[in-house]
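The structure appears below as structure tokens.
No lab work stands behind these numbers, since they all come straight from the coordinates. Bear in mind that the values here come from a model prediction, so they are computed numbers and not experimental data. Note that each Cβ is placed from the backbone with ideal geometry, even for glycine, and that neighbours are counted across all protein chains shown.
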Amino acid sequence: MYGYPYQVYEWMHMALAPARAVSDATALAFKNPLNPLRDTYLGRNLAASAELFERMTRRYGKPAFGLTKTIVDGEEVAVTENVVWERPFCRLIHFERGTTRLRRPQPKLLIVAPMSGHYATLLRGTVEQFLKTHDVYITDWADARMVPLADGHFDLDDYIDYLVTIFHKLSRESDGIALHTLGVCQPSVPLICAVAQMEATGDPNVPASMTMMGGPIDTRRSPTAVNLVAEKRGSDWFRENCIHEVPFPYPGMGRSVYPGFLQLSGFMAMNFDRHFTAHIDMFKHLVRGDGDSAEKHRDFYDEYMAVMDLTAEYYLQTVDAVFVRHDLPKGKMRHRGELIDLKAIHRVGLMTVEGEKDDISGIGQTYAAQELCSNIPGERKEHYEQEGVGHYGVFNGSRFRKEIAPRITAFHERIDSARRPAARLLSLAAAGA
């Protein structure tokens, strides 16, 4: 593991700073209403070129969720973000809604965001949709380069421990309201492992259900380009070529990480033609003065280009266990040395969601959980495959809002309805005792 490639990347970014400043000033000058060249073909071309250069060479910071209001039971209410739990590598954010006049109590929903290069804000649309029907929490994972070495390491075992701790916190504070969990993509594996460990010990704080969307439960099924590359190259290749040390002056200086800029390069390379065309289209929109189309491009790439570093131990353990050895579907997955038994899961509802055109987690990879969790009763299981969507469309966009989210909400209602009689019986038994 070497720090030099990361340091070289930082030097290149710093070297381009003067050029970015000139480009930014040029764009502002040719967009100024007082500039007579503003509405000329030359002026628009210069402004568009300058903006594209600045956007393609800048570092994108962590975006904000920016969710300030929602509709609950037909009433528009304010939304406030509160950090209700925090550890060095994760914050738990609660989107508190400013209403107490609910027709009926709404379930808690913990959205387990991916720790795979992008920030939790990538799920902004997911949060926004479920705010209407649930009391929503989300895991906000930390950028590893911002976590000092003194705060220790973070691997897949730690990820599972974090989830178990969060389940305990939310379940104990639930006041009898069910806690449902939703894992988008990569978190499907630690989510199902955390639930299995809790079920194996009879933990009363186990969530009511888990929903997995586009998750790599068994990457041997319909393997995608991502899966094939991981299996072909093996863990040693990733250790030698993808792990670097965080350079000065970041708080995490010296920490071994999988840098976000490498992850972004991989994302871009997978669909290079699409991204190239999108930037050419943005240039044309700017030249034509089509501000709405240009703003949509800005919004998407402000999120897409914002990436975070992952700790080396977490990244390598995930690659090795999930994508190379396929430990989970083979029944060989371990947590803190203990074998994880998915057959131990029997109290928790399970829903799996896949996208027909998913090029990250192929068809069948998430559905595998339905077969591996063989002791969950059939009435507490559900699988849904959405036609015409890729990986991103599984948790965002119009089809997610119209087709997928309502089905997940209905699944939660079904699970809760089945739990209420059992809860009443337990309450009566406790009273009789």
Requested in this report: Go from 0 up to the bin containing the longest alpha carbon distance in segment 291-350, width 10 Å each, and give me the % of pairs per bin.
Outcome: 17, 27, 21, 20, 13, 2
Query raised in the report: By DSSP, what percent of the beta bridges with both residues in the chain are antiparallel, rounded to the nearest 5?
Result: 50
Report task. Grab the alpha carbons of segment 99-171, take their convex hull, and tell me the volume per residue in Å³. Result -> 116
Report task. Could you state, as a whole-number percent, how many of the C-alpha pairs of segment 20-168 are farther apart than 19 Å? Result -> 65
Requested in this report: Take the Cα atoms of the chain, find their three principal axes, and give me the spread along each one in whole Å, biggest first.
Outcome: 84, 54, 41
Query raised in the report: Okay, which of segment 236-266 sit inside 16 Å, backbone N to the point 7 Å along the Cα-Cβ direction of Ala225?
Result: 263-266
Report task. Obtain the radius of gyration and the Kirkwood radius of segment 321-375 from its C-alpha atoms and give Rg over Rh. Result -> 1.00
**Report entry** Charge dipole (debye, nearest 20) of the chain; +1 at Cβ of Lys and Arg, -1 at Cβ of Asp and Glu
**Finding:** 580
Query raised in the report: Label-point separation (nm) for Ile177 and Ala21, each offset 7 Å from Cα along Cα-to-Cβ?
Result: 5.1
Query raised in the report: Dipole magnitude of segment 13-70 about its Cα centre, charges +1 at Lys/Arg Cβ and -1 at Asp/Glu Cβ only, in debye to the nearest 20?
Result: 260
Query raised in the report: Roughly how tilted is helix 188-200, in degrees to the nearest 10 and between 0 and 90, from the longest Cα axis of the chain?
Result: 20
**Report entry** Relative packing of 48-56, 7-15, 19-27, which averages over residues the other C-beta atoms within 10 Å, highest first
**Finding:** 48-56, 19-27, 7-15
Query raised in the report: Give or take rounding to whole Å, what are the principal axis extents of the alpha carbon atoms in segment 89-232, in descending order?
Result: 55, 41, 35
Query raised in the report: If amide H atoms are built 1.01 Å from N in the plane of the peptide, which residues on other chains or at least 5 residues away come under 5 Å of the amide H of Arg334?
Result: Ile340
Query raised in the report: Over the alpha carbons of segment 50-120, what is the largest minus smallest coordinate on each principal axis, giving the biggest first in Å?
Result: 52, 32, 16
Requested in this report: Calculate, in nm to one decimal, what Arg419 and Asp155 gain on full extension: separation in residues at 0.36 nm each, minus their alpha carbon distance.
Outcome: 91.6 nm
Report task. For segment 150-155, just list the computed ³J(HN,Hα) in residue order, Karplus coefficients 6.51, -1.76 and 1.60, θ = phi - 60°, integers in Hz, with x standing in for Gly and Pro. Result -> 4, 7, x, 9, 8, 10
Query raised in the report: Roughly how tilted is helix 17-31, in degrees to the nearest 10 and between 0 and 90, from the longest Cα axis of the chain?
Result: 80
